[in-house]
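No value in this document is a laboratory result; all are computed from the given coordinates. Every value quoted in this text rests on a predicted model; they were computed, and no experiment measured them. All Cβ positions, even for glycine, are placed from backbone atoms using ideal geometry, and neighbour counts span all protein chains on display.
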Amino acid sequence: RRLARAHDIEDLREMARRRTPRSVFDYVDGGAETESTRRRNASAFDDVEFLPQVLRDVSRVDPGTTILGRPVSMPFVFAPTGFTRMVQHEGEAAVARVAEREGVPYALSTMGTISPEDLAAAAPGADRWFQLYVWRDRAASRRLLERAAAAGFTTLVVTVDVAVPGARLRDLRSGMTIPPTLTLRTLAGIARRPRWWIDVVTHEPLRFAALEEAGGGFAEVVDGVMDPGVDFGDLEWMREHWSGDIVVKGVLHPRDARTVVDCGVQAVAVSNHGGRQLDRAASTLAALPEVRAAVGTDAEVYLDGGVRSGTDLAAALAHGADAVLVGRPYLYGLMAGGEQGVSRVHDLYRQGFLRALALLGVTSVGELGPHLLRCPPAHGP
Ligand code: FNR
C-alpha cells in the first residue's frame, strides 16, 4: 500500500532516502566530482520535444520486442550494480526474480554480492547477463567467466569506462567504504536508520564471487578489477573465452563504437556509468544518435543514464536505441521496499511506456523513430 503511493521514480527515491543511512543512499545516488554528467543525463531527457501523432488506432499497443534475438516484454534491462545487498538484504536475487517474472534481462555485476550460481538458482528462468571488469589477473577473470557460463548466463557485459575509479566526492565526504566500516560518522548515520541496520546485519553476510576468485583482501580486489592497461585487444580475448553474446558498456565516442563493433561484439551500450566516472562527459542521450549512425545495423545499441520513466524509454528509442538499461531506480525501489519495491519500479516503467506509445500514436516499438521528435538529431539513426 505504501509503495502504491509512489507515482514516479522520484517518489521511490524519496522513500529510499528516508529509510537508508545517508552514506549508503549517497553511494547509490551520487556521481563523480561536480555531478554535472549525472544531472545532464537526466536533463537531456527534459529537453526532448515529441511531436505526437493523433487519430491513430491505439486500442492495442505492444511494448514487446527482442534483445539479442530473445523476446522481451519491453526493451528494458536491469543494469549491473555492485554491492546491491548492502542497500537491502534481498539484493540481486530480488531484482533477478522481478526480471524473471516480467520477462526482461538482468545483469549481475562483477562486484555483485551473490555468487553467479546462487543468482541462477534464485531466478532460473531469467535471461541472465554477467558483467565483467577485465582484471589484471586474467586467470581469475577467466574462472569467473567459466562459472557464469556454467550457471547459464547468456550474455557478457564488458564495462570499459573504469580505467581508473571516478572521484565520488559524496563517498569521500561521508567516509563510505566498501564494505562499510564503522567510524563515528558512519555509526551516527546508521543509528538514525536502525531498520536498515537490522535488515542488513541479520541476514546472510555479503558473498563476493569476485573476491573468492581473486583471493586477497577487499581493497586489492577492488583495485585489481580495474586494469588501466585494458585495450581493444582484450575484446579478442573475451571473444575467445566467451561463446555467448557480448555487450560492450561504457562507450560515448562514435569512433570507439565502430571499432568495438568491428571487433565482433553483438551490442554497444552508450553509457557514462550514470555519471559516476568522468565528470563533464556528454549526456548519453546526446551521444546516442552519432553512435547509432556509426554502428548502423551491424550491432544493437543500448543507452543508460537518467532514464526515469516509460516516456524517457520511448525518447531513447526515438533517438536510436534498441533498449535501455536502468540502474539507480531499481536500487531506490529495493531500499524503499525490497522485491516489491523493484516490482513497483518495473510497473511504473511498463505503464509509462505503454502510455507513451499510445500518446505518440504508435502501437509497436519498431514504429518509434526520429520522425516523432521536433528536433531530430543531426546524425539521425
Ligand atoms: C553502477 N554501475 C555499474 N556498472 C557496471 O558495469 N558495473 C558495476 O558494478 C556497477 N555498479 C554500480 C553501482 C551503483 C550503485 C550504480 C548507481 C551504478 C553503473 C550502472 O550499470 C549504469 O550504467 C548506471 O546506473 C545507469 O545510470 P542510471 O540509470 O543509474 O541513471
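Points to keep in mind about this one:
- Taking every alpha-carbon pair under 8 Å whose residues sit at least 6 apart, the chain reaches a relative contact order of 27 percent.
- Over the range 1-88, the hull volume per residue, using the convex hull of the C-alpha atoms, is 202 Å³.
- The charge dipole of the chain, taken about the Cα centre with unit charges on the Cβ atoms of Lys, Arg (+1) and Asp, Glu (-1), comes to about 1400 debye, rounded to the nearest 20.
- Applying the Karplus relation 6.51 cos²θ - 1.76 cosθ + 1.60 with θ = phi - 60° to the range 347-359 yields 3J(HN,Hα) values of 5, 4, 5, 5, 4, x, 5, 4, 5, 5, 4, 4, 6 Hz, where x marks Gly and Pro.
- Net charge of neighbours whose Cβ lies under 13 Å from the Cβ of Leu68, counting Lys and Arg as +1 and Asp and Glu as -1: -2
- Semi-axes of the equivalent ellipsoid of the range 288-343 are 28, 10, 8 Å, computed as sqrt(5λ) over the eigenvalues of the C-alpha gyration tensor in descending order.
- Relative exposure of Ser115, Ser43, judged by other C-beta atoms within 10 Å (fewest first): Ser43, Ser115
- Whole-angstrom gap from the range 299-355 to the range 1-66, using each part's C-alpha centre: 7
- Farthest toward the positive end of the dipole of the chain, out of Leu184, Pro228, Val365, is the Cα of Leu184, where the dipole comes from beta carbon charges about the Cα centre.
- Whole-percent pair-distance distribution, where bins are 5 Å wide, for the alpha carbons of the range 88-211: 2, 10, 16, 18, 17, 16, 13, 7, 1
- For the range 65-79, 3J(HN,Hα) computed residue by residue from phi via the Karplus equation (6.51, -1.76, 1.60; θ = phi - 60°) reads 7, 10, 10, 6, x, 9, x, 10, 6, 7, x, 9, 10, 6, 5 Hz, glycine and proline entered as x.
- With each label modelled as a point 7 angstrom along the Cα→C-beta vector, the Arg5-Ala150 pair spans 4.9 nm.
- The trypsin sites (Lys or Arg not before Pro) of the range 299-377 meeting both criteria, a DSSP state outside H, G, I, E and B (loop) and at most 10 other C-beta atoms within 10 angstrom of the site's C-beta, are Arg374.
- Percent of C-alpha pairs per 10 Å bin, the range 213-350, short to long: 11, 33, 34, 20, 2
- Convex hull volume per residue in cubic angstrom - Cα atoms of the range 143-213: 150
- Using Cβ point charges alone (K and R +1, D and E -1), the dipole size of the range 273-380 about the Cα centre works out to roughly 360 debye.
- Additional length obtainable on full extension of the chain from Thr183 to Arg18, 0.36 nm per residue less Cα span: 57.3 nm
- With a Förster radius of 22 Å applied to the C-beta separation of Leu172 and Met226, the computed FRET efficiency comes to 0.80.
- Of the residues Gly112, Val164, Gly175, the one whose Cα sits farthest toward the positive end of the charge dipole of the range 105-198, with +1 on the Cβ of Lys and Arg and -1 on the Cβ of Asp and Glu, is Gly175.
- The orientation-averaged projected area of the convex hull spanned by the Cα atoms of the chain comes to 17.6 nm².
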